[in-house]
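Since the structure comes first, as structure tokens, the remarks are kept for the end.
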Amino acid sequence: MKEQLQLLWKLQTVEQQIDEAQKEQDSYPLALEELQEMLKAQEEKREDEKRKIEECEKERLKKEGELDLENERIKRSQLKLLEIKTNKEYQALLQEIEGSKERNGQREEEIIKLLDEIDQLKSNYTGTVEKTQKERLVIEEEISKIKDKMATVEQDLLHLQQSKEEIVPVLDSALLKRYNTLKEKKNGTAIVLVKNEGCQGCFVNIPPQMYNEVQKNKEIILCPNCHRILYWENNPTD
Ligand SMILES: [Zn+2]
């Protein structure tokens, strides 16, 4: 029975380690996803800023084109002025030229505003690129760390499963069944150490006679309080 209890204790330890490793393993995909989302958000921010610059450039080119066309129109009208015979026509054309000049004045102001805006956007973009490059290095390092951990925990799990598979067949099947039922009822802990005359599962003292018996590990003894299997480790008579 001593060997069986030792095996049972080992099984529980291994199973608890498996649970922990699985919890760890389960946490990695979400962590990875979050980091990858961060990279994606960075990329989107950069693209967004780039797009805004391109839009402003486009708008500027459009306004410059309009400005050139209107200037051509003004030149043509000014040449036409020399050929005009009547004062009425002359005044009308002059007014047209004035209107064109006024529109172009506005265009020039808008172009200057756009140039300022483009300068500002470009400087922001440079800052964003520098900042995100640094952040990206940190994120990528995190990602590679997590991937390493994933590989490690996978190996750990394999070894733990192997240990479990080695223990289970040599355990008494009735004892194993009892252990599994207890484990389910007692929140994953079916077998507990006895230390300082107390059960380490519920921390209630056990009677002296029982304490002596537990130290022999010769039979299955349940804690009178929490009903878990009591186990004595490092038995001096080992
Ligand atoms: Zn107890």
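The values are calculated or read from the model by the stated rules, or taken from the named source; none is laboratory data. It should be emphasised that the depicted structure is a prediction, and the values quoted were computed from it without experimental measurement. All Cβ positions, even for glycine, are placed from backbone atoms using ideal geometry, and neighbour counts span all protein chains on display. In case anyone asks, the SASA skips ligands and DNA or RNA and just uses the protein heavy atoms, side chains included. Shrake-Rupley method; radii C 1.70, N 1.55, O 1.52, S 1.80 Å.
In Å and whole numbers, how far do the C-alpha atoms of the range 29-169 stretch along each principal axis, longest first?
117, 25, 15
Rounded to a whole number, what is D in µm²/s for the range 1-49 from Stokes-Einstein with the Kirkwood radius over alpha-carbon pairs (10 °C, 1.306 mPa s)?
Estimated via Stokes-Einstein, D reaches 113 µm²/s.
Could I have the simple spin-label model distance between GLU142 and GLU37, label points 7 Å from Cα toward Cβ, reported in nm to one decimal?
1.2 nm
Where the only charges are on Cβ atoms (+1 Lys, Arg; -1 Asp, Glu), what is the dipole of the range 144-238 about its Cα centre, to the nearest 20 debye?
Charge dipole, the range 144-238, about its Cα centre: 360 debye, nearest 20.
Most mobile of ILE191, ILE97, ILE139 per a Gaussian network model of the chain (Cα springs, under 10 Å)?
Looking only at ILE191, ILE97, ILE139, the largest GNM fluctuation is found for ILE97.
Calculate, for ASN180 and ASN234, the FRET efficiency according to 1/(1 + (r/R0)^6) with r their C-beta to C-beta distance and R0 35 Å; round to the nearest 0.05.
Values: r = 26 Å, r/R0 = 0.74.
The pair ASN180/ASN234 has a calculated efficiency of 0.85.
For MET150 and LYS131, compute 0.36 nm times the residue count separating them, minus their Cα-Cα distance, and round to one decimal in nm.
Working: separation 19, 0.36 × 19 = 6.84 nm, distance 2.88 nm.
Full extension from MET150 to LYS131 adds 4.0 nm.
For LYS2, give me every one of the lysines with a C-alpha distance below 25 angstrom, ignoring sequence neighbours fewer than eight places off in its own chain.
LYS10, LYS164, LYS177, LYS183, LYS185, LYS186, LYS195, LYS216, LYS218
Report the relative contact order of the range 173-231, percent, no decimals, based on alpha-carbon pairs under 8 angstrom and at least 6 residues apart. Could you put the intermediate results ahead of the total?
Numbers: 66 pairs, mean separation 18.7, N = 59.
Relative contact order comes out at 32 percent.
Taking the chain as a whole, which cysteines find no other cysteine Cβ under 4.7 angstrom from their Cβ?
Cysteines lacking a close Cβ partner in the chain: CYS56.
Which shape class applies to the range 173-231: rounded if a/c is under 1.5, otherwise prolate when a/b exceeds b/c and oblate if not, where a ≥ b ≥ c are the square roots of the Cα gyration tensor eigenvalues?
Oblate.
What accessible surface, in Å², does a 1.4 Å probe find on THR86, ignoring ligands, DNA and RNA and rounding to the nearest 10?
THR86 has an accessible surface of roughly 60 Å² with all protein chains in place.
Over the range 136-238, with every protein chain in place, what whole percent of the accessible area is carbon and sulfur at 1.4 Å, could you tell me? Display every interim value, and only then the final one.
On the way: 3250 of 6580 Å².
That fraction is 49 percent.
Do any trypsin sites (Lys or Arg not before Pro) in the range 136-235 lie in a loop, going by DSSP, with at most 12 other beta-carbon atoms within 10 Å of their beta carbon, and if so which?
Qualifying residues, ordered by number: LYS218.
Name the longest site-free stretch of the chain, where the excluded sites are GluC sites (Glu not before Pro) in a DSSP loop with no more than 14 other beta-carbon atoms within 10 Å.
84-196
So for the chain, what are the equivalent ellipsoid semi-axes in whole Å, largest first, each being the square root of 5 times an eigenvalue of the Cα gyration tensor?
90, 16, 13
Post the alpha-carbon centroid distance, the range 187-238 to the range 95-111, in whole angstrom.
Using only Cα atoms to place each centre, the spacing works out to 97 Å.
Which one of GLY105, CYS56, LEU82 has its Cα pushed farthest toward the positive end of the charge dipole of the range 26-105, where Lys and Arg give +1 and Asp and Glu give -1 at the Cβ?
My answer, from the dipole projection, is LEU82.
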